[in-house]
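Step one of this worksheet: look at the structure below.
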Amino acid sequence: MSAKDYEAFNESINFTDPVHIAQAIAHGADHPSGYGFLNMGRDAEIFDIGSGPGILGKLLHAEGFSKIDGADCASNFVEAA
């Protein structure tokens, strides 16, 4: 499965785990989503194991994080990320 197909599939089944994980990392417990609790500094170094095509990394980058790296055993996903 290509990275693009993987992302489309996740969207079609309303797979929201990466969104909730990003909110947990980026926000405090008072965040309206109800998922925040880590409230990490934007200079934190993040390593995403099983990163797939980089969905979580993209979400965290949008939250202001820039030190993001990841690994996945599927080389076509790593290339897409």
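The values are calculated or read from the model by the stated rules, or taken from the named source; none is laboratory data. None of the values given here were measured: they were computed from a predicted structure. As a convention, Cβ positions derive from the backbone with ideal geometry for all residues, glycine included, and neighbour counts pool all protein chains shown. Ligands, DNA and RNA are excluded from the accessible area calculation, which covers all protein heavy atoms including side chains. Shrake-Rupley method; radii C 1.70, N 1.55, O 1.52, S 1.80 Å.
When only residues in region 3-33 that are under 17 Å from S75 (Cβ atoms) and open to solvent by 50 Å² or more (accessible area, probe 1.4 Å) count, which is modelled with the highest pLDDT? Can you show your working first?
Here is the first cut: in region 3-33, the residues under 17 Å from S75 (Cβ atoms) are 3-7.
Among the residues that remain, those that are also open to solvent by 50 Å² or more (accessible area, probe 1.4 Å) are: 4-7.
Working: K4: 85, D5: 90, Y6: 86, E7: 86.
Filtering region 3-33 for residues that are under 17 Å from S75 (Cβ atoms) and open to solvent by 50 Å² or more (accessible area, probe 1.4 Å), the one modelled with the highest pLDDT comes out as D5.
Which one is surrounded by the fewest Cβ atoms within 10 Å (Cβ to Cβ), of the residues in region 34-50 that are closer than 27 Å to K4 by Cα and among the hydrophobic types (A, V, I, L, M, F, W, C)?
If we take residues in region 34-50 being closer than 27 Å to K4 by Cα and among the hydrophobic types (A, V, I, L, M, F, W, C), then I49 is surrounded by the fewest Cβ atoms within 10 Å (Cβ to Cβ).
Please determine whether any residue of region 6-13 is among the β-branched types (V, I, T), touching a residue at least 12 places away in the same chain (Cβ under 8 Å) and out of contact with any Lys or Arg (no Cβ under 7 Å at 6 or more places or on another chain). Let's see the steps before the verdict.
Quick first cut of region 6-13, residues among the β-branched types (V, I, T) only: 13.
This time we only want the ones that are touching a residue at least 12 places away in the same chain (Cβ under 8 Å), so: none.
No, the conditions are met nowhere in region 6-13.
Being open to solvent by 40 Å² or more (accessible area, probe 1.4 Å) and within 18 Å of N10 (Cβ to Cβ) is the filter here; which residues of region 62-72 pass it?
Selection gives A62, D72.
Residue check, P53 against (1) open to solvent by 90 Å² or more (accessible area, probe 1.4 Å); (2) at pLDDT below 90, all met but one. Which one?
(1)
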